[in-house]
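Participant: Got a structure for you, questions after.
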Amino acid sequence: MNSVIRMLEIKRELLIQELKVAQGEAHSRILEGKRELDTAILWLKKIEILQLHNPNDYIFTKLPETKTTFSEYKIVETLESDDPKDWQEVKLTNEDEELWLYEGDWVLKSKK
């Protein structure tokens, strides 16, 4: 993945040089291309950090609309029980901040 990221970063630098001299519609077109490359580079770096593999190895699911406006989703460990009284909530955190799941959030599940 490093070689692809590096290739995109080189292309991004070329677009930055073009932006310095471009005007009008050409400037807008080049700027949009640079923004798209910025996004692609950020995504690829995140994928690399998370050590994700081929996208075909994952299931992507968007959380559905909740029944009430203020509902949220929770992830629980079932502790091998079908009785919800036995389940324990799994607290999700990012940089020591608790994460809450709401409708429209995405869940990524490995197929392996």
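The values are calculated or read from the model by the stated rules, or taken from the named source; none is laboratory data. Model, not experiment: these values are computed from the prediction. All Cβ positions, even for glycine, are placed from backbone atoms using ideal geometry, and neighbour counts span all protein chains on display. Ligands, DNA and RNA are stripped out before the accessible areas are found, and what is left, the full protein with its side chains, is counted by its heavy atoms. Shrake-Rupley method; radii C 1.70, N 1.55, O 1.52, S 1.80 Å.
Participant: Could you list, in sequence order, the residues of region 73-84 that are farther than 23 Å from Gln51 by Cβ, of a type in the set (Val, Ile, Thr) and touching a strand residue (DSSP E or B) at 6+ places or on another chain (Cβ under 8 Å)?
Facilitator: Val76
Participant: Moving on. Please tell me if Phe70 is touching a strand residue (DSSP E or B) at 6+ places or on another chain (Cβ under 9 Å), open to solvent by 80 Å² or more (accessible area, probe 1.4 Å) and not aliphatic (A, V, I, L, M).
Facilitator: Considered against the rule, which asks whether it is touching a strand residue (DSSP E or B) at 6+ places or on another chain (Cβ under 9 Å), open to solvent by 80 Å² or more (accessible area, probe 1.4 Å) and not aliphatic (A, V, I, L, M), Phe70 comes out as no.
Participant: Condition first: part of a helix (DSSP H, G or I) and touching a helix residue (DSSP H, G or I) at 6+ places or on another chain (Cβ under 6 Å). Now tell me which residues in region 1-10 satisfy that.
Facilitator: Ile5, Leu8
Participant: I'm trying to understand the selection: among the residues of region 73-106, which are open to solvent by less than 80 Å² (accessible area, probe 1.4 Å) and of a type in the set (D, E, K, R)?
Facilitator: Of everything in region 73-106, those that are open to solvent by less than 80 Å² (accessible area, probe 1.4 Å) and of a type in the set (D, E, K, R) turn out to be Asp83, Asp86, Glu89, Glu98, Asp105.
Participant: Could you pull out the residue among Lys34, Lys46 that is of a type in the set (Lys, Arg) and either out of contact with any helix residue (DSSP H, G or I) (no Cβ under 9 Å at 6 or more places or on another chain) or within 20 Å of Lys109 (Cβ to Cβ) (or both)?
Facilitator: Lys46
Participant: Only one of (1) at pLDDT below 95; (2) more than 30 Å from Arg6 (Cα to Cα); (3) exposed (fewer than 12 other Cβ atoms within 10 Å of the Cβ) is not met by Gln51, so which one is it?
Facilitator: Looking at each condition in turn, Gln51 falls short on (2).
Participant: Out of the strands (runs of 3 or more DSSP E) lying entirely within region 22-105, which hold 1 or more residues that are closer than 30 Å to Glu9 by Cβ, among the aromatic types (Phe, Trp, Tyr) and in contact (Cβ under 8 Å) with a residue 24 or more places away in the chain?
Facilitator: Ranges flagged: 58-62.
Participant: Could you list, in sequence order, the residues of region 11-25 that are in contact with a helix residue (DSSP H, G or I) (Cβ under 8 Å, 6 or more places away or on another chain), open to solvent by less than 90 Å² (accessible area, probe 1.4 Å) and not β-branched (Val, Ile, Thr)?
Facilitator: Listed by number, the residues that qualify are Arg12, Leu15, Glu18, Leu19, Ala22.
Participant: Report yes if Leu19 is within 28 Å of Trp106 (Cα to Cα) and among the aliphatic types (A, V, I, L, M), otherwise no.
Facilitator: No.
Participant: Which residue is nearest to the chain's Cα centre (by Cα), if the candidates are limited to region 85-112 and must be among the acidic types (Asp, Glu) and within 21 Å of Leu52 (Cα to Cα)?
Facilitator: Within region 85-112, the match that is nearest to the chain's Cα centre (by Cα) is Asp105.
Participant: Can you say whether Lys109 is open to solvent by 90 Å² or more (accessible area, probe 1.4 Å) and part of a helix (DSSP H, G or I), as far as the supplied structure shows?
Facilitator: no
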